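Structure first, commentary second.
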Amino acid sequence: MSARIRMVMWLFMLILSLSPTTRLAAHHSGTMFEEKKTVTLEGVVREFQYTNPHSWLLVDVTNKDGSVTTWGFEAEGPSTLARAGIKPGDFAVGTRLSITGRPMKDGRPAATWEYAVRAKDKKRFEPREGFKVK
Amino acid sequence: MTRVTKTLLAAALLVIVTAALVWSARSEDPAQRKARMTELGLQHKTATDLYRALEQTAGGGRRLAWNGMPDWSGVYTRARGGITFDPDQRPGTPPTAKLTPEYQGRMIKRIELATQGVEWDPISACAPPGHPRWLTEPFLREFIVTPNQTWLINEMVNDIRRVYTDGRGHVPEADRYPLYNGDSIGFWDGSRLVIHTNQLQAGIYQRRNPDYTDAVETVEIWEKTTDALLEVDVWVYDPPALVEPWYTRQSYSRLDDPDKSLRIRYWNCSENQNNTVFKTQDGATQFQDLTFTGQDDTKGAAK
């Protein structure tokens, strides 16, 4: 095996070893979101779109200057959310929560929904729990 | 010994070897089993050859009757493998398929680009995954067995594979055209369902996995191995892309559902505008127009 081929193979394996585990971002690729960087915001539920292939939790977040930005947090579809114990009624309009996700790379106010904590009872909701085989 | 006699002896030997390989694989550890089943694929040049050998081994197979049906009821999901085609692929290593140089190059390129954040999935515009990718999707599944057909259902885009077990053959070659899930015929060998699928169309096995071509065909052996587990031996034949059949062992677990809350609903892939994506000029995926922000007019949108 030539030194050049060995170098190419080594580089390929290095890239593979550095790549993150493929996320279960169903339907479309999730590469528009940051891979590791996360953002945690507090806000009030504006709307819970419980839809296929992805659901969206829209949250109104009050900024330091008093303005309000609506953020969208993308999660799995209804059956996976149901398996994670997340139902439409858990996030009625006006529900206060803290939510953590990986934000979009282009700066738009959207992120993956990694986990949310409801203010009234501190209950944690993690959509990808729905992929666990139980 | 005449040529006919030799041919018959060779065919008989192949059937015996096939039966021995299949039977002995039942009691082996997973690695030994995988090696043996991979060898079984190599013994047969085409998916049709393997299917016919399995059919001969089973004495032609049997037809089910309503009073003797296997119980595959319940709601299942893929037991392991995430969304890689081969569940045995270790993290940080490439897919286990033995590919032709062209398709190896394509796969490496796909993985490299995805690592850089450039990835486009062909199902992003709501097309079904197609088979054999169908085996990998991580959602809810149901398996409906009847005497003349078995339906293999994945909830994503209401995707049903119909397997005809009434003795019919495939569509005549002159009338075939590429289909997402192809044309599947099968027979029962005891409690095992053996399936041959052809007439498929090109696709990808999964993200960061290889491509397959219109020539792809599969042979599958489905069996309920425990009360809550269906396991499947899968051989993929695709000469333009694979230098040898790609054998994998897939599995589907029946989910606990004590309160009967699991239900498979109609899946409308395009019901929410916020899920609409487009392919950028460099081949990446981007949201088209998120309804909750006005920034789409200036950032990221295709307009």
B:Thr218 vs. criteria surrounded by fewer than 17 Cβ atoms within 10 Å (Cβ to Cβ) and part of a strand (DSSP E or B): no
Residue in the range A:53-70 that is among the aromatic types (Phe, Trp, Tyr) and touching a helix residue (DSSP H, G or I) at 6+ places or on another chain (Cβ under 7 Å) present: yes
Unmet criterion (only one of (1) at pLDDT 95 or above; (2) surrounded by 15 or more Cβ atoms within 10 Å (Cβ to Cβ); (3) of a type outside the set (Val, Ile, Thr); (4) touching a Lys or Arg at 6+ places or on another chain (Cβ under 7 Å)) for B:Tyr180: (4)
Candidates B:Leu242, B:Leu262, B:Leu193, B:Leu230, filtered to the one that is more than 11 Å from chain A (Cβ to nearest Cβ), in contact (Cβ under 8 Å) with a residue 24 or more places away in the chain and over 18 Å from B:Ala47 (Cα atoms): B:Leu230
Unique residue being farther than 25 Å from B:Glu142 by Cβ and more than 19 Å from the chain's Cα centre (by Cα) when the list is B:Gly60, B:Gly68, B:Gly74: B:Gly60
Single residue of B:Lys109, B:Lys98 found to be among the basic types (Lys, Arg) and free of Cβ contacts under 8 Å to residues at least 60 places away in the same chain: B:Lys109
Boolean, B:Thr280 is more than 27 Å from A:Leu81 (Cβ to Cβ), facing chain A (nearest Cβ under 10 Å) and loosely packed, with under 15 Cβ neighbours inside 10 Å: yes
Wholly within the range B:46-161, strands (runs of 3 or more DSSP E) carrying at least 1 residues that are charged (D, E, K, R) and within 12 Å of chain A (Cβ to nearest Cβ): B:76-78, B:141-145
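The values are calculated or read from the model by the stated rules, or taken from the named source; none is laboratory data. In this text, all values refer to a predicted model and were calculated from it rather than measured experimentally. Virtual Cβ from ideal backbone geometry, glycine too; neighbours counted across all protein chains shown.
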